[in-house]
Amino acid sequence: MGKFILRRIGVMILTALCLTFIVFFLTNLYPNLEKFAKTQGNFRMSDEEVATFLNNRGYLQPTVTKYGQWLGVLPGYVIEGTDGKVRARCAAPGQPIEEAPRFCGVLQGNWGFSTTIKEDVGGIILEKLGLTGILMFWVMLLMVPSALILGVLAGMREGSRLDRSLSTFSISTTATPEYVSGVLFIAIFASSAVGLKWFKGTATSAMDNVTFENFFLPVLTIAAYGMGYIARMTRASMAEVMTSQYIRTARLKGVSFPNIVMKHALRNALIAPFTVIMLQFPWLLNGVVIVETLFNYKGFGWTLVLAAGNNDIELLLGVSVISVFVVLVTQLISDIGYVYLNPRISVS
Amino acid sequence: MNKDALSWGAIIGQMGIQFAPVLILLVISFALSLTFKRRLGLYGKLFDSTVGMIGLALVLFWVFTAFFAGVFDMVATHNPLDQSAMMKKALPGTPYSKLIGTPDPDAGAYYLLGGDNLGRDVFSRVIAGSIKVILIAPFATVFAFMVGITLGLPAGYYGGRFDTVLSFLSNLVLAFPVILLFYLLVTPEIVQTGIPVYMAAVLFIFPLVFLVILWNSRYHTQPMKRNVYLAITLVIGLWVYLGMAWDADPLGLISVPPNVLVVFVAVVFVNSPTVFRIVRGLVLDIKTRDYVAAAQTRGEGPWYIMLWEILPNARGPLLVDFCLRIGYTTILLGTLGFFGLGLESESPDWGKMIIDGRRLLSANILHIAIPPALALLTLVLGLNFLADGLREESLRD
């Protein structure tokens, strides 16, 4: 088991390095840098001015070098610019070059500086992750139990009318992307044209103070999309368990149906959905981006859109490191959990 | 302009008239299919399941709509790009009028579903949006399947280092949050660098490779027949390939605008790793069967076994996934539009229309966001129901 986890972590680090390098490469392509220079400097810069601007700030070094500096395995650049000013990657504003540390990258805990929000990337990400964490917590709290209940109810009598209607319902929720269901929810529950006005159409106020009124719609929107899939997995695994030998034995023994479902079937039926729930995290991440944009909730997904839209390289890298990390860790947990929960599978 | 606005009943009636050719064709195709359903194989069996029939009806509805709108210019009432200052945020059923200039005499008399914030007809824009989706989503899915199958078959069949490397690469792409990937790939700046063209050059070669191997593995004992098939495939394939990927069609017939190409490439790129994983898993399962062992004993080549023994036996799950994946691709296209990526600012795109209408929901203007949302919903729902019907019927075999 230990060796398995170690190997998985090795692959995970390799994956994370590859992915961040891809993001780094794509954001550092020359047209992107040119756009960046023009938004930072001014829009009427000539091509030569753009080149000197970028060169003075170390952007025209080879991509691998820049990546090493960002990661913190290569010493940060010290460049004497054409304007006579010496700039160093690691020097804080106002700090003399000589006193600046040699290495400053992610490994040293320095995530860089966001050019759109004008703050340290590390701080921004922590704050935004907190906000999104609250959202995710409520999503999970709504999604997982309702999905499991739906799946178990549908799967305990396969082919029954209840099964058919619940299955159709879960197909419909998976077929409704967040931007469609969100808009429909807002139109029905939040606008005065329909007249219900039960909830608020934006979640901006939920950043300070979460209430049922301002937070239910975004949570419902994300949960609805993920719910159908988990419910279908639970149904499939429940239906399989219900046809197995030991359930038949219990039935013939005269155990009552609710008892069979609760005591005998449920535990085994929930192994497969566990991995699916963990693997839903990357999908939830997508949902979070859409829903945070839709409901104007300034969390992690909103930051991703902001950073990507403005080619804010270091913020975007920070965001992608975190999201890739979330994806990989949940994959690892789901694998380990699967092995742990299912005694029939062994790693060696 | 002294015409009155239409009531909701009249609007629905008018829409029925606009959709008449679509509905007639739909009824005809259903009547024919129901009559001959015993002779139509799996497609005919679909008509035994209610969910499958509903799904098929929804999908065919949009396919026919796109067909009539795109080929005969029929269903829509107005030009989707035509703006009218009089019609800004007009309510559904408002009579069509223009502040400046004379209205187009061929255009309909009413904005059936109202006007958007620039005074364009919402109904016509939804119809125009369907053309794009129906054109791109199935083709992108076919390409993703070609890539996934061509790589997944040998990965599952041979295993070993080839499989390890490809699985690692596909996990790499799958670990990317899709929206981040879109934001990185589908920008005008990336189009400038030419990366989408190179990606297209790599991804679009797979269908060609697939077909060449397919013919060669089957007919290599009959060189005459093989050469004819290969020649036809290569001539047509290379022609389409040059036109689509490199925009260098010698006849100048096939060309894809760069912003459509980048969307297409991004969608294929996101979908193919999942297809790869599904195919690989199916091959791992099927290659232990007796008929594969029989073919091996017969001395058949590995590609013959993969393409003519294993692949046909994996068709059920692949067909179901194909339907689901078209739906997912439609969702992805909507997502791209939602974030305003990869399209001209004016073009009618369901995702773009939804986010534009979203901004007016708080002002209680619902008719701009709801129609495209319902259009996308019904199409994806139809595809999912269709997939469910297919799954049920193919399991029954």
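What follows is calculated from the coordinates using simple rules that are stated; it is not laboratory data. Worth saying up front: this structure is predicted, and the values here are computed from it rather than measured. Ideal geometry is used to build each Cβ from the backbone, glycine not excepted, and the neighbour counts take in all protein chains shown.
Some values worked out for this structure:
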item: Degrees, to the nearest 10: A:300-309 long Cα axis against longest axis of chain A; result: 40
item: Cα extents of chain A along the three principal axes, largest first (Å); result: 90, 62, 32
item: Length gained when the stretch B:R161-B:V27 is fully extended (0.36 nm per residue, less Cα-Cα span); result: 42.9 nm
item: By average C-beta atoms within 10 angstrom, highest first, the peptides A:250-259, A:327-336, A:171-180, A:201-210; result: A:171-180, A:327-336, A:201-210, A:250-259
item: Within 10 Å of each Cβ in B:186-193, the average number of Cβ atoms from other chains; result: 5
item: Selected from B:F210, B:F61, B:F168 as most flexible by GNM, with chain B as the system and alpha-carbon contacts under 10 Å; result: B:F168
item: ³J(HN,Hα), Karplus 6.51/-1.76/1.60, whole Hz, each residue of segment A:131-147, x for Gly, Pro; result: 4, 5, x, 4, 4, 4, 4, 5, 4, 4, 4, 7, 6, 4, x, 5, 5
item: Residues with amide H under 5 Å from that of B:M74, placed H, sequence gap 5 or more; result: B:A69
item: Under the span-like rule (Cα at least 27 Å along the axis, Kyte-Doolittle mean at least 0.0), DSSP H helices of chain B; result: B:122-158, B:258-286, B:315-338, B:370-396
item: Cα gyration tensor, segment A:271-334 - rounded (a/c under 1.5), prolate or oblate; result: oblate
item: Relative exposure of B:L174, A:L14, judged by other C-beta atoms within 10 Å (fewest first); result: A:L14, B:L174
item: Residue-count net charge about B:E309 - beta-carbon cut-off 14 Å; Lys, Arg +1, Asp, Glu -1; result: +2
item: Per principal axis, descending, Cα span of segment A:9-146 in whole Å; result: 63, 35, 30
item: Relative contact order (%) - criterion: Cα under 8 Å, at least six apart; region: chain B; result: 22
item: Cα-based Lys proximity count in chain B, under 28 Å, for pairs eight or more positions apart or on separate chains; result: 13
item: B:N171-B:L99 FRET efficiency (beta carbon distance; Förster radius 56 Å; 0.05 resolution); result: 0.50
item: Average Cα contact separation per residue, segment B:58-216, under 8 Å, 6 or more apart, as relative contact order %; result: 19
item: Dimensions in Å of the protein assembly as shown - Rg and Dmax from alpha carbons; result: 28.0, 90
item: Rg to Rh quotient for segment B:186-260, alpha carbon positions, Kirkwood Rh; result: 1.12
item: Computed FRET value (nearest 0.05) for A:R87 with B:N364, which takes r as the C-beta separation and R₀ as 51 Å; result: 0.45
item: 222 nm mean residue ellipticity, helices alone, for the protein assembly as shown (DSSP H n ≥ 4; -39,500 (n - 2.57); rounded to 500); result: -21500 deg cm²/dmol
item: GNM top mover of B:Q222, B:Q192, B:Q83 - chain B, alpha-carbon springs below 10 Å; result: B:Q222
item: Relative contact order (%) - criterion: Cα under 8 Å, at least six apart; region: segment B:289-397; result: 28
item: DSSP-loop chymotrypsin sites (Phe, Trp or Tyr not before Pro) across segment A:24-102, with at most 14 other Cβ within 10 angstrom; result: A:F43
item: Value of Rg to Rh for segment B:186-315 (Rh from inverse mean 1/r over Cα pairs, i.e. Kirkwood); result: 1.07
item: Cross-link partners of A:K118 among lysines (Cα-Cα below 29 Å; sequence separation of 8 or more within a chain); result: A:K35, A:K38, A:K66, A:K85, A:K128, A:K298
